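Quick notes on the structure that follows.
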Amino acid sequence: MKLIYKIFTAALIVVGSSHANEVKVFDFTEQELSQLDVRKVRGADNNTVYSIGTNKDGNFLKAIADNAASGLGKQIKIDLNKTPYINITWKIEKDLPGIKENTKKGHDFAARVFAVKKTGATPLSNRAINYVFSSNNEIGFNSPSPYTKKSIDNVLASTKKEY
């Protein structure tokens, strides 16, 4: 089975078992950043500003959005029989409290990674799993995207506190 991954604002490495391959999707360099595709979200006034940051743990992708919305990514083919796992490292400095993420009005996340499976000749026939860093739902929560039932949002990390 083949899957096309698009990455947006997160670190991503796809790894398999001890017999499998490791596919590094993004190396976090200025050169690679300049080669990634930017997709503006309909209705947004501005694009998100992306840059490469560095700290003691290495390089990371930094995204700053002020009344802005865009996605950053690239397409690669992955054989899930050889690389069946995905490893995402998140670094979130500010979350988005108080929004209803599973509604059209509030469908926003501090970070997300899209995994898209091409299932037909047009983009409308594709299926997607969105791995998200939520500000308002607990880890493990999932729901269909409010824009299409062919896309599912899965919360892998969250700033929501359990009381």
Residues within segment 75-88 that are touching a Phe, Trp or Tyr at 6+ places or on another chain (Cβ under 8 Å) and surrounded by 12 or more Cβ atoms within 10 Å (Cβ to Cβ), tallied: 4
Qualifying residue in segment 134-146 (condition: hydrophobic (A, V, I, L, M, F, W, C) and touching a residue at least 24 places away in the same chain (Cβ under 8 Å)): no
Residue that is modelled with the highest pLDDT [pool: residues in segment 57-89 that are of a type in the set (D, E, K, R) and closer than 19 Å to Asp37 by Cα]: Lys62
Count - residues of segment 115-163 that are in contact with a Ser or Thr (Cβ under 8 Å, 6 or more places away or on another chain) and among the hydrophobic types (A, V, I, L, M, F, W, C): 8
Some residue of segment 70-83 being within 17 Å of Leu156 (Cβ to Cβ), within 16 Å of the chain's Cα centre (by Cα) and hydroxyl-bearing (Ser, Thr, Tyr): no
Residue count for segment 53-74, restricted to those that are touching a Lys or Arg at 6+ places or on another chain (Cβ under 8 Å), surrounded by fewer than 16 Cβ atoms within 10 Å (Cβ to Cβ) and part of a loop (DSSP other than H, G, I, E, B): 1
Any hit, segment 30-40, residues being within 26 Å of Glu138 (Cβ to Cβ) and not aromatic (Phe, Trp, Tyr): no
Which numbered condition Asp108 fails, given (1) surrounded by 11 or more Cβ atoms within 10 Å (Cβ to Cβ); (2) touching a strand residue (DSSP E or B) at 6+ places or on another chain (Cβ under 9 Å): (2)
Residue within segment 129-150 that is modelled with pLDDT under 85, assigned to a strand (DSSP E or B) and not charged (D, E, K, R) present: no
Selection status of Gly43, assigned to a loop (DSSP other than H, G, I, E, B), under 27 Å from Ile152 (Cβ atoms) and modelled with pLDDT of 85 or more: no
Residue match in segment 101-113 (condition: farther than 19 Å from Val41 by Cα and either modelled with pLDDT of 85 or more or not in a loop (DSSP other than H, G, I, E, B) (or both)): no
Tyr50 being modelled with pLDDT under 80, closer than 20 Å to Phe109 by Cα and assigned to a strand (DSSP E or B): no
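The values are calculated or read from the model by the stated rules, or taken from the named source; none is laboratory data. Just so we're clear, the structure is a prediction, and the values are computed from it rather than from any experiment. Methodologically, a virtual Cβ is constructed for each residue, glycine included, from the backbone with ideal geometry; neighbour enumeration extends over all protein chains shown.
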